[in-house]
Structures are given as structure tokens and as C-alpha cells.
Amino acid sequence: RMAFRTAFRTLLRLKNFKGMTFLRTFSPSHFENGDWNKGGNCVRTRPFTKQETKLEGYMWELYLSQVEVFRAAEREGRERGLKFRLLDTSEAMVLRPDGHPNHYGHWPHENVSIADCVHWCMPGPVDTWNEFLLQMLKMEVEGSIDEKLQKNL
């Protein structure tokens with residue numbers, strides 16, 4: 001929480017900053033049968049359905065912390081005409097346990113026994129983030145055009 005507050009506070013203190021700030025929410029891990037250092041792995045080969053999983057525990061707490069700090073910065077920034085946008089990927093990514101490299105994300109000659117259930121394979125679920133961001137940018141451009149048209153009417 002402190003790191004997010006510090007980052008947003010820094011942006012809000014910049015006198016000449018007029019840009020748009022995006023926060024991408026955190027990306028959940030998908031360890032099963034233990035944590036990363038306790039033999040956990042991620043061997044799923046298909047996405048979860050919404051009925052199979054949800055953000056909970058520490059992942060839910062982290063998500064809520066991010067959104068809470070973001071909303072506070074957004075309110076303060078709005079008073080100065082700054083734009084803050086939330087790129088909320090956490091819920092979508094909690095459904096994608098199939099997108100991690102597991103034991104396969106290393107060079108073949110390396111003897112690696114720790115599963116990587118945090119990072120993502122490419123191409124894969126991360127491409128969804130790009131689609132979300134592109135849509136948000138399109139909406140901003142369309143919104144700007146609509147605002148200009150309204151002013152001219």
C-alpha cells in the first residue's frame with residue numbers, strides 16, 4: 001500500500017504533469033500443492049470458469065489495496081484536471097492458470113526444479129492486457145472527440 005501511495009503522491013506533486021496515468025492491477029499466481037518454494041506447481045491446461053475460482057485471501061487484499069489507493073489518487077488528481085485510469089486485469093487473469101510456464105520456462109540445459117506460476121507465456125494471457133489497454137485508449141480518444149464536438153455545438 002505504501003509503495004502505491006508513494007508513487008501516486010509523486011505523480012500528483014509534479015507541477016507540469018498533464019498526462020494520463022494507468023494502473024494495471026496485480027497479476028495473480030496459480031500455485032497448487034504448495035508455494036513456489038514448497039513444491040507448488042501450475043499444470044493446468046485450460047482456463048478456469050468463474051465458478052471454479054475467484055480472488056481471495058492475500059490476492060483479494062492486495063487487489064483491494066491497489067484499487068483503494070488508486071481511487072484516492074484519482075479523486076485528488078481530478079481536482080487538478082489529471083486523468084487516472086484503472087486497467088483492471090486481476091479478475092481476468094485469476095481465470096488463466098493455463099498461461100504460466102511452470103517448469104518449462106527455462107533453458108533446456110538448466111536443472112530447474114522450481115515451477116514458475118507467476119510469469120506468463122508469450123503469446124498468451126498477457127496479450128489480453130494489450131487488448132484492454134487499446135480499448136481504453138480508443139475510448140479516451142473517442143471521449144475527447146465527443147467533448148470537442150459538444151463544445152462546438
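Read the figures in this text as sums done on the coordinates, not as results from a lab. Predicted model only: the values in this text are computed from it and were never measured. Heads up, the Cβs are rebuilt from the backbone with ideal geometry, glycines too, and the neighbour counts pull from every protein chain shown.
Using only alpha carbon positions, build the gyration tensor of region 2-152, then give the equivalent ellipsoid semi-axes as the square roots of 5 times its eigenvalues, largest first, whole angstrom.
Three semi-axes, in Å: 36, 18, 15.
Can you give the FRET efficiency for ILE145 and LEU12, using 1/(1 + (r/R0)^6), R0 = 30 Å, r = Cβ-Cβ distance, to the nearest 0.05?
With a Förster radius of 30 Å, E is 0.65.
In region 114-134, which residues have a backbone nitrogen under 19 Å from the label point lying 7 Å from ASN33's Cα in the Cα-to-Cβ direction? Residues 114-119 fall inside that zone. Modelled spin-label separation between GLU61 and VAL43, with each label point placed 7 Å from Cα along the Cα-to-Cβ direction: 3.0 nm. For the residue pairs LYS38/LYS138; LYS54/LYS83; LYS18/LYS50; LYS38/LYS83, the C-alpha atoms sit more than 32 angstrom apart in LYS38/LYS138; LYS18/LYS50; LYS38/LYS83. For the chain, the residue among MET136, PHE31, VAL94 whose Cα projects farthest onto the positive side of the dipole built from Cβ charges is MET136. Only helices at least 15 Å long along their own axis, judged from Cα atoms, and with Kyte-Doolittle mean hydropathy of 0.0 or greater: name those in the chain from DSSP H. Qualifying helices, which must be both long enough and hydrophobic enough, are 2-13. Isolated cysteines of the chain, defined as having no other cysteine beta carbon under 4.7 Å away, are CYS121. Dividing the summed helix terms, -39500 (n - 2.57) for each DSSP H run of n ≥ 4, by the number of residues in the chain produces a 222 nm estimate of -14500 deg cm²/dmol to the nearest 500. About its Cα centre, the dipole of the chain is roughly 840 debye, where the only charges are +1 on Lys and Arg Cβ and -1 on Asp and Glu Cβ.
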